[in-house]
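Enquirer: I have a structure I would like to understand better, so I am pasting it below and will then ask my questions one at a time.
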Amino acid sequence: MSTPVRSPQGGSPCTRSSGWLLRAERVGKTFGQTSALVDATFELAPGEAVAVMGPSGSGKSTLLHVLAGILAPDSGTVIVRRTDGEGIDDLAALPDAARSGFRLRRFGFVFQQGLLLPELTAAENVALPLLLSGTARAEAEARAEHLLGRLGIGGFGGRRIGALSGGQAQRVAIARALSTEPSIVFADEPTGALDSRTADGVLGALLETRGQDGRALVVVTHDERVAARCDRTVRLHDGRIEAGR
Ligand SMILES: Nc1ncnc2c1ncn2[C@@H]1O[C@H](COP(=O)(O)OP(=O)(O)O)[C@@H](O)[C@H]1O
Ligand SMILES: [Mg+2]
């Protein structure tokens, strides 16, 4: 399903640095008359946590969706290094079905409202991506229980999402995002709907998961305290990434 493009050592302009896991180059996206993203270049290293900040409407979600292969950019490239380090995949060049498969295997997602399925239990929600990628049910369930334990909600696996607090539900969402052992977790305002104390705990749980196996994190946030706990901050204004840190 993956499209070999060129080796990371191939000397193209995209391969200036050898340390990256994902690299977006001069990415643009417009919606009608709106330039949501203009000439955005962004590099993510293995194990790195990057905060994405900027005013409402500045293009944060669009950047996240393009980096994650949820949205195809109108211009530019988004390339991701393979887990074996031997090649790269150009997300923008993959057909939709292949891009979905790639996302399922390589990326995890946490959104403000979790996008959990309310009719399923916490453990079933966490196991779902594994079942979709072909893991046997018993193994998927065991892994879900393990992850819920790691996120501090081990006793809640049998509860439906509606019976959980907002903070517990976001921990379930994080456990689900981690279930397939992704290379990158993308989070869009993951603590935006939580009170600040709960948000701190959930963010801690999210940050603890990075660095393992070189897993990286890209988190859109309005909260300077969240940004302060990341390695680096990217600021957007009118669809452009501002210079500096
Ligand atoms: N699906 C869409 N259709 C039309 N306009 C969109 C769409 N998604 C985003 N936009 C517009 O693109 C700009 C950037 O949006 P977005 O990336 O959601 O910003 P942010 O996440 O920083 O609030 C905004 O002007 C927004 O209205
Ligand atoms: Mg947004």
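The values are calculated or read from the model by the stated rules, or taken from the named source; none is laboratory data. Keep in mind that this is a model prediction, so the values were computed, not measured. Note that we place each Cβ from the backbone using ideal geometry, even for glycine, and neighbour counts take in every protein chain shown.
Enquirer: Going by what's in this entry, would V27 be described as over 22 Å from V226 (Cβ atoms), under 18 Å from the mean Cα position of the chain (by Cα) and either of a type in the set (V, I, T) or modelled with pLDDT under 95 (or both)? Write out each step before concluding.
Expert: Numbers: over 22 Å from V226 (Cβ atoms): yes; under 18 Å from the mean Cα position of the chain (by Cα): yes; either of a type in the set (V, I, T) or modelled with pLDDT under 95 (or both): yes.
It is true that V27 is over 22 Å from V226 (Cβ atoms), under 18 Å from the mean Cα position of the chain (by Cα) and either of a type in the set (V, I, T) or modelled with pLDDT under 95 (or both).
Enquirer: Which of the numbered conditions does Q168 fail, given that it passes all the others? Conditions: (1) more than 20 Å from the chain's Cα centre (by Cα); (2) more than 20 Å from F107 (Cα to Cα).
Expert: All conditions are met except number (1).
Enquirer: Kindly provide the set of residues from region 213-244 that are assigned to a loop (DSSP other than H, G, I, E, B) and either within 25 Å of V80 (Cβ to Cβ) or of a type in the set (D, E) (or both), ordered by number. Can you show your working first?
Expert: Start the filter on region 213-244 by keeping residues that are assigned to a loop (DSSP other than H, G, I, E, B), which leaves 215, 221-223, 229-231, 238-239, 242-244.
Of everything in region 213-244, those that are assigned to a loop (DSSP other than H, G, I, E, B) and either within 25 Å of V80 (Cβ to Cβ) or of a type in the set (D, E) (or both) turn out to be R215, T221, D223, R229, C230, D231, D238, G239, E242, A243.
Every residue, every condition in (1) among the aliphatic types (A, V, I, L, M); (2) in contact with a helix residue (DSSP H, G or I) (Cβ under 8 Å, 6 or more places away or on another chain), yes or no:
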residue: I174; (1), (2): yes, yes
residue: I184; (1), (2): yes, yes
residue: P190; (1), (2): no, yes
residue: R197; (1), (2): no, no
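Enquirer: Only one of these conditions is not met by G108: (1) closer than 19 Å to T191 by Cα; (2) among the small types (G, A, S); (3) more than 19 Å from the chain's Cα centre (by Cα); (4) away from ligand 2 (no atom under 16 Å from the Cβ). Which number is it?
Expert: (3)
Enquirer: What are the residue pairs meeting all of these: first residue in region 211-234, first residue within 16 Å of A177 (Cβ to Cβ) and in contact (Cβ under 8 Å) with a residue 40 or more places away in the chain, second residue part of a strand (DSSP E or B) and of a type in the set (D, E, K, R), Cβ atoms under 6 Å, and 6 or more apart or on different chains?
Expert: V220/D188
Enquirer: Would you call L164 at pLDDT 90 or above, aliphatic (A, V, I, L, M) and within 16 Å of L120 (Cβ to Cβ)?
Expert: Numbers: at pLDDT 90 or above: yes; aliphatic (A, V, I, L, M): yes; within 16 Å of L120 (Cβ to Cβ): yes.
The answer is yes for L164.
Enquirer: Let me ask something else about it. Every residue in region 64-80 that is over 13 Å from D39 (Cα atoms), surrounded by fewer than 20 Cβ atoms within 10 Å (Cβ to Cβ) and away from ligand 2 (no atom under 16 Å from the Cβ), please.
Expert: Result: A72, single match.
Enquirer: Quick check on A142: is it over 16 Å from the mean Cα position of the chain (by Cα), surrounded by fewer than 20 Cβ atoms within 10 Å (Cβ to Cβ) and farther than 23 Å from F42 by Cβ? Before you say what the answer is, go through the steps one by one.
Expert: Numbers: over 16 Å from the mean Cα position of the chain (by Cα): yes; surrounded by fewer than 20 Cβ atoms within 10 Å (Cβ to Cβ): yes; farther than 23 Å from F42 by Cβ: yes.
Here the answer is yes, as A142 does meet what is asked.
Enquirer: If we keep just the residues of region 178-212 that are among the acidic types (D, E) and part of a helix (DSSP H, G or I), which is surrounded by the fewest Cβ atoms within 10 Å (Cβ to Cβ)? I'd like the intermediate steps shown before the answer.
Expert: Step one: of region 178-212, the residues among the acidic types (D, E) are 181, 188-189, 195, 200, 208.
So of that shortlist, the ones also part of a helix (DSSP H, G or I) come out as 200, 208.
Values: D200: 17, E208: 12.
Among them, the one singled out is E208.
Enquirer: May I ask you to list pairs of residues, at least six apart or on different chains, whose Cβ atoms are under 8 Å apart, with the first in region 96-120 being among the aromatic types (F, W, Y) and the second being surrounded by fewer than 16 Cβ atoms within 10 Å (Cβ to Cβ) and in a loop (DSSP other than H, G, I, E, B)?
Expert: Listed pairs, sorted by first residue: F102/M1; F109/L115.
Enquirer: Next question. Looking only at residues in region 23-63 that are more than 16 Å from ligand 2 (Cβ to nearest atom) and without any contact (Cβ under 8 Å) to a residue 40 or more places away in the chain, which one is surrounded by the most Cβ atoms within 10 Å (Cβ to Cβ)?
Expert: Ranking the qualifying residues of region 23-63, first place goes to E43.
Enquirer: Taking the condition of being within 16 Å of ligand 1 (Cβ to nearest atom) and not β-branched (V, I, T), how many residues in region 50-95 meet it?
Expert: Of region 50-95, the ones within 16 Å of ligand 1 (Cβ to nearest atom) are 50-76, 78.
With the extra rule that they be not β-branched (V, I, T), the set shrinks to 51, 53-61, 63-65, 67-69, 71-76.
Total satisfying the criteria: 22.
Enquirer: Find all pairs meeting these conditions: Cβ atoms under 9 angstrom apart; at least six residues apart or on different chains; first residue within region 172-186 and on the phi > 0 side of the Ramachandran plot; second residue surrounded by fewer than 23 Cβ atoms within 10 Å (Cβ to Cβ) and of a type outside the set (D, E, K, R).
Expert: E181/Q212
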